[in-house]
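What follows is one structure encoded as structure tokens, with my remarks underneath.
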Amino acid sequence: MRVLVTGASGFVGGRLCAALESAGHEVRAMTRRPDEYRGAGVPVRGDVTDERGLIEAARDCEVACYLVHGLSDRDYRESDARAARSFARACAEAGVRRIVYLGGLGNGALSEHLRSRREVESMLTCAGVPVTVLRAAVVIGHGGASWSMLLSLVEHAPLILAPPEARTRCQPIAVADAVRYLAGAVENPKTAGKTYEIGGPEVLEYTQMLRRIAALQGRSTLVLPLPVPLPRSDWLSGQALAVLSGVNASLAEALLGSLDTEVVVHEDNGITTLMPFQRTGYDDAVLTALGERAAANRTK
């Protein structure tokens, strides 16, 4: 089938383009700079702020994958909702049959970042095109923002004073597994109109995730849980993490704001039966991400 992938130059999008092309699909890799694109698929120009351009990019595609998030903008919640509405209308106009969206897990009171993800889910349905939603927590892989922040903490801080919210439970997923679920959703029309929660085989606290990254690297990083919260400034912490990890400061601030929201699979809605495979354990996902970084550094 013909599939449009937005965010084709991104962390997940580039991998999804490669997976879909390997499976024999015709991939349109949407990017704002097609002349510079070197990944899988045929590059097409597109920008979520340009609805007419989106229509042309999506024309004759059966499925469109929406992997765009505007967390680098200060007003990301409004811009994300506006972009999702434009994308939904463009897909309807272009005759797209289904939209596949990678959103965020979240249980209980949601942070502003996760509320924005839910709003995007809603906006994508506004023009009547059936939407498949996959909700994931931290995606482990080289180039991922949340992963880069975790890794940078371990590699730059010999002592990590972990506030109580760092004991929040998370169900991380290897990027290869997230891509496998996304590709499966693209290929299976039975997923249309459904929401699935996806995660790896382990549920961990963030403190446990940090300790295991350190152990796998042979580091003596000490993660010390604090019994009481410190004065909290997501803005200031985001600025510091941006310097350490290279992640955009606004993005780091938004992700830190979700730290006290539990992100665990409670109902997979049958996706593990629909797409059965051996999910990657956390340690293997970390080692793979570290290997990808080493390989990327060798080619620079």
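The values are calculated or read from the model by the stated rules, or taken from the named source; none is laboratory data. Everything quoted here is computed from the prediction, not taken from an experiment. Note that each Cβ is placed from the backbone with ideal geometry, even for glycine, and that neighbours are counted across all protein chains shown.
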Of all the residues that make up region 10-31, how many are under 18 Å from ASP80 (Cβ atoms) and either in contact with a strand residue (DSSP E or B) (Cβ under 7 Å, 6 or more places away or on another chain) or of a type in the set (Phe, Trp, Tyr) (or both)? 4
Residue pairs meeting the criteria (Cβ under 7 Å; at least 6 apart or on separate chains; first in a helix (DSSP H, G or I), in region 2-14; second hydrophobic (A, V, I, L, M, F, W, C)): GLY13/VAL5; GLY13/LEU67; GLY14/ALA8
Taking region 8-39 and the residues there that are touching a Lys or Arg at 6+ places or on another chain (Cβ under 9 Å) and aliphatic (A, V, I, L, M), the one that is surrounded by the most Cβ atoms within 10 Å (Cβ to Cβ) would be MET30
Out of all the residues in region 70-88, is one or more crowded, with 19+ Cβ neighbours inside 10 Å, over 14 Å from VAL129 (Cβ atoms) and free of Cβ contacts under 8 Å to residues at least 40 places away in the same chain? yes
Does region 185-206 hold any residues that are among the aliphatic types (A, V, I, L, M) and under 19 Å from ILE140 (Cβ atoms), and which are they? ILE198, VAL203, LEU204
Going through (1) at pLDDT 90 or above; (2) surrounded by fewer than 16 Cβ atoms within 10 Å (Cβ to Cβ) one by one, VAL96 fails only at (2)
What tally of residues in region 26-75 results from selecting those that are in a loop (DSSP other than H, G, I, E, B), under 27 Å from PRO189 (Cα atoms) and not aliphatic (A, V, I, L, M)? 9
Report every pair of residues separated by at least 6 positions or lying on different chains whose Cβ atoms are under 7 Å apart, first residue within region 288-300 and surrounded by 14 or more Cβ atoms within 10 Å (Cβ to Cβ), second not in a helix (DSSP H, G or I). THR288/ALA174; ALA289/ILE140; ALA289/GLY141; ALA289/HIS142; GLU292/GLY141; GLU292/HIS142; ARG293/HIS142
Residues of region 202-238 being assigned to a helix (DSSP H, G or I), under 22 Å from the mean Cα position of the chain (by Cα) and either at pLDDT 55 or above or closer than 16 Å to ALA289 by Cβ (or both), which ones? TYR206, THR207, GLN208, MET209, LEU210, ARG212, ILE213
